Each structure stands twice: as C-alpha cells, then as structure tokens.
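Note sheet for the following structure.
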Amino acid sequence: MIPKSARRLAWAQRIAAALVVLFWVSFLGEYRELPAPMVDFEWSFVGPDLLWIVVPFLVASHWLLTGNRKGPTASAVAGGAIFYLGLLDVAYNVRHGQYSTARGFLDAAVNLACLVFGAVNIWCGYRW
C-alpha cells in the first residue's frame with residue numbers, strides 16, 4: 001500500500017507540472033506586452049522547464065503512485081530543479097527590480113512556491 005503522504009506529494013507534483021505548462025501557455029499569450037529584457041530572460045527557460053522540471057515531476061509522481069523505490073530519488077531531483085529555477089528567478093527579479101512592478105507580487109508568490117515546493121520534494125526524497 002502506498003503511504004498517504006506519498007500519494008499527496010505525487011498529486012502535488014502533477015499539479016506543479018501542470019502549472020509550469022500553464023505558465024508557458026500564458027507566457028506565449030502575453031509575452032509581447034512584457035518588457036524586452038524579461039522576455040529575453042524567460043525564453044531561455046522554456047525547454048529546461050519542460051524537460052527538466054515537468055518531465056521529472058511526472059516521472060516521480062508515477063513512481064510514487066506505483067510504489068517504485070525510485071520515486072523518492074526522482075522527487076529529490078525534480079525538487080532540486082524547481083528550487084534552482086526559483087533561485088534563478090529571485091536573482092533576476094532582484095537585479096532587475098521586477099518585484100516593484102505590477103507583476104511583483106505574482107513573481108514573488110511564484111518564486112516562493114518554487115523554493116518551498118522544491119525544498120519539500122528534496123526533504124521527502126531524502127526522508128523516505
């Protein structure tokens with residue numbers, strides 16, 4: 001039987017993967033309205049986000065839900081990826097004053113979510 005905590009984390013990982021995809025879909029719809037340096041920065045992350053965050057979260061969640069012993073390790077890997085993304089975003093946002101713009105609160109919330117969820121996945125990966 002799969003522990004309840006592993007099932008919860010697996011579904012949270014699937015939601016996180018969907019939210020990353022949703023972010024890129026929304027970005028494609030609004031990037032022409034954003035400042036050019038921000039757009040240039042963001043374009044660098046489409047592939048890495050989809051390949052190194054979404055895919056590992058989907059693999060980790062599948063392995064957690066099927067009881068595969070690789071699930072916790074995959075969770076730590078995916079958590080490390082999204083934590084690193086959060087750190088990059090914070091560094092960029094601080095350097096370029098993004099937190100003081102109209103999108104500042106949204107950027108801060110997304111960055112905090114990446115850092116916290118990444119840390120939770122890393123912690124669970126090593127704890128289990």
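Observations on the structure shown:
- Flag if SER44 is open to solvent by less than 60 Å² (accessible area, probe 1.4 Å), of a type in the set (Ser, Thr, Tyr), on the phi < 0 side of the Ramachandran plot and without any contact (Cβ under 8 Å) to a residue 60 or more places away in the chain: no
- Exactly one residue among MET38, MET1 is over 16 Å from GLY125 (Cα atoms) and not in a helix (DSSP H, G or I), and that residue is MET1.
- ALA60 being of a type outside the set (Lys, Arg), touching a helix residue (DSSP H, G or I) at 6+ places or on another chain (Cβ under 6 Å) and in contact (Cβ under 8 Å) with a residue 60 or more places away in the chain: yes
- Just one residue in the set ARG69, ARG7 is assigned to a helix (DSSP H, G or I), basic (Lys, Arg) and open to solvent by 60 Å² or more (accessible area, probe 1.4 Å); that residue is ARG7.
- Residues that are assigned to a helix (DSSP H, G or I) and out of contact with any helix residue (DSSP H, G or I) (no Cβ under 7 Å at 6 or more places or on another chain) were ranked within the range 88-109; the one that is most open to solvent (accessible area, probe 1.4 Å) is ARG95.
The values are calculated or read from the model by the stated rules, or taken from the named source; none is laboratory data. As the structure is a computational prediction, the values presented were derived from the model and not from experiment. When we count neighbours, we look across all protein chains shown, and the Cβ atoms used for this are built from the backbone with ideal geometry, even at glycine. In case anyone asks, the SASA skips ligands and DNA or RNA and just uses the protein heavy atoms, side chains included. Shrake-Rupley method; radii C 1.70, N 1.55, O 1.52, S 1.80 Å.
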